[in-house]
1. Anything in region 247-284 that is outside any helix (DSSP H, G or I) and open to solvent by less than 40 Å² (accessible area, probe 1.4 Å)? List them, or say none.
2. Taking the options Tyr162, Tyr60, name whichever one is loosely packed, with under 15 Cβ neighbours inside 10 Å and either hydroxyl-bearing (Ser, Thr, Tyr) or touching a helix residue (DSSP H, G or I) at 6+ places or on another chain (Cβ under 8 Å) (or both).
3. Considering only residues of region 310-337 that are aromatic (Phe, Trp, Tyr) and within 23 Å of the chain's Cα centre (by Cα), which is most open to solvent (accessible area, probe 1.4 Å)?
4. Which numbered condition trips up Glu244, out of (1) farther than 30 Å from Thr317 by Cα; (2) surrounded by 12 or more Cβ atoms within 10 Å (Cβ to Cβ)?
5. Do we have any residue at all in region 213-232 that's hydrophobic (A, V, I, L, M, F, W, C), part of a helix (DSSP H, G or I), open to solvent by 90 Å² or more (accessible area, probe 1.4 Å) and modelled with pLDDT of 90 or more?
6. Quick check on this structure: which one of Gln112, Gln16 is under 20 Å from Ile154 (Cα atoms), polar (S, T, N, Q) and open to solvent by less than 50 Å² (accessible area, probe 1.4 Å)?
7. Just one of (1) farther than 30 Å from Arg137 by Cβ; (2) open to solvent by 40 Å² or more (accessible area, probe 1.4 Å) trips up Phe31, so point out which.
8. In the set Ile287, Ile307, which member is open to solvent by less than 50 Å² (accessible area, probe 1.4 Å) and either under 16 Å from Ala375 (Cα atoms) or under 15 Å from the mean Cα position of the chain (by Cα) (or both)?
Amino acid sequence: MVKVLKGIKLRLYPNQHQVDQLWQMFGNNRFVWNQMLAMAKEGYRNNPSSHFVNEYGMNYLLKPLKQEYPFLKQNDSTSLQVVNHDLAQSFKMLFKHQGGYPRFKSKWAIKQSYTGRSICQVIANHRMKLPKLGSIRTSKTGRVAGLKIKRYTINYDSTGRYYLSLQVEVSAPQALLKTGKKVGLDVGIANLAISSDGIKYKTFNAKWLKKQAIRWQSKYSRRRHRATIAVRQWNHNHKTLKAELDDYQNWQRARIQKARYQQRIANRRKDYLHKLTTNLVKQYDVIVIEDLKTKNLQHNHHLAKAIANASWYEFRTMLAYKCAWHGKELIVVKPNYTSQICSNCGHHSGPKPLAVREWTCSQCGTHHDRDINAAVNILHKGLKAGG
């Protein structure tokens, strides 16, 4: 039986003692990251010709580090090894010119997390046993009952909630029935995906939630500004008792409310993308999409926000793993000239402004919808490339 890895996310409800433990673990992981990064930078400064310490070398340094700082023993030991692994991967990406130089982590960051590879167990309904934390209340434990857990991650997000993300090993889903259909997909802004069959799938839009998020974003910015001024005035007039920005609960409430509206938008967008991609994988045996570089396209500040809202990268990622799971084929082609070539006769009519949504081929006289024509060209390129 073929096994695949799947992610499952559960809500955590820690008690006050477990909350204190979690924040100690977040701090310990951050401390190890910063220590290892500082040692790597210091070593390179002293001897630029030497290589950075690899993952094995960093794991070797953990033992003396724990002896010097006993509070590190309060962590799941595997979580500190995961920190070393992540830092080593960051340096590998740096040397391949695929990422920037690793940065030090701040305790003031709103989002905190740590990852471990130790054994987690479901011990009762809505109860799991986690390393160092013991029995902790969770949601929907039935989703992980009987599954092999490979690693776990505990997150604290900007909404003030704790989540447990589990990487589990499950049997590969059964292949879906073949339909004999093939489709090309052109992605857009007003319409997320346009198929070569002429079907247009709308981009996710939650107007009411977006209005609320914008409203609370304004409140958050205004209250933060006022709190910052108040803190400066207080600290200027009082030399002994100092105030901090976090002491202003009115600002904190606005921050949490803003974050919760933004999370609801993100959750609904993800749900919409899951339903759309599952529907496409069920309908078609071969799906051809264009290889768009989303980060490059977002350099256009007029379209960056709309492109981010469309979530093209997540749409493609979901299609990729669902096709692999269910025995369907995903073909990725270059998007060059797909909106400039006539899908009927192949005449190249040159570039067109984005405002031009329909055009007529000067060679054969065929009238085209710009997006549908591009989707047909994408399908032709994919079938040609796939043989």
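The values are calculated or read from the model by the stated rules, or taken from the named source; none is laboratory data. Keep in mind that what you see is a predicted model, and the values were worked out from it rather than measured. Please note: Cβ atoms are built from the backbone with ideal geometry, for glycine as well, and neighbour counts cover all protein chains shown. What goes into the accessible areas is simple: the full protein's heavy atoms, side chains included, and nothing from ligands, DNA or RNA. Shrake-Rupley method; radii C 1.70, N 1.55, O 1.52, S 1.80 Å.
1. If we filter region 247-284 for residues that are outside any helix (DSSP H, G or I), which is where we start, we get 248, 284.
The one that is outside any helix (DSSP H, G or I) and open to solvent by less than 40 Å² (accessible area, probe 1.4 Å): Tyr284.
2. Details: Tyr162 fails: loosely packed, with under 15 Cβ neighbours inside 10 Å.
Selected residue: Tyr60, the only one of Tyr162, Tyr60 that is loosely packed, with under 15 Cβ neighbours inside 10 Å and either hydroxyl-bearing (Ser, Thr, Tyr) or touching a helix residue (DSSP H, G or I) at 6+ places or on another chain (Cβ under 8 Å) (or both).
3. Applying the first criterion (aromatic (Phe, Trp, Tyr)) to region 310-337 yields 312-313, 315, 321, 325, 337.
If we keep only those that are within 23 Å of the chain's Cα centre (by Cα) as well, we get 312-313, 315, 321, 325.
Working: Trp312: 29, Tyr313: 162, Phe315: 4, Tyr321: 77, Trp325: 67 Å².
Here the answer is Tyr313.
4. So Glu244 meets the others, but not (2).
5. Here is the first cut: in region 213-232, the residues hydrophobic (A, V, I, L, M, F, W, C) are 213-214, 216, 227, 229-231.
Then keep just the ones that are part of a helix (DSSP H, G or I); that gives 213-214, 216, 227, 229-231.
So of that shortlist, the ones also open to solvent by 90 Å² or more (accessible area, probe 1.4 Å) come out as 214.
After this cut, where a residue has to be modelled with pLDDT of 90 or more as well, the list is 214.
Within region 213-232 (the criterion being hydrophobic (A, V, I, L, M, F, W, C), part of a helix (DSSP H, G or I), open to solvent by 90 Å² or more (accessible area, probe 1.4 Å) and modelled with pLDDT of 90 or more), the answer is yes, since at least one residue qualifies.
6. On the way: Gln16 fails: open to solvent by less than 50 Å² (accessible area, probe 1.4 Å).
Every option except Gln112 fails the conditions.
7. The number of the failed condition is (1).
8. Values: Ile307 fails: either under 16 Å from Ala375 (Cα atoms) or under 15 Å from the mean Cα position of the chain (by Cα) (or both).
The match here is Ile287.
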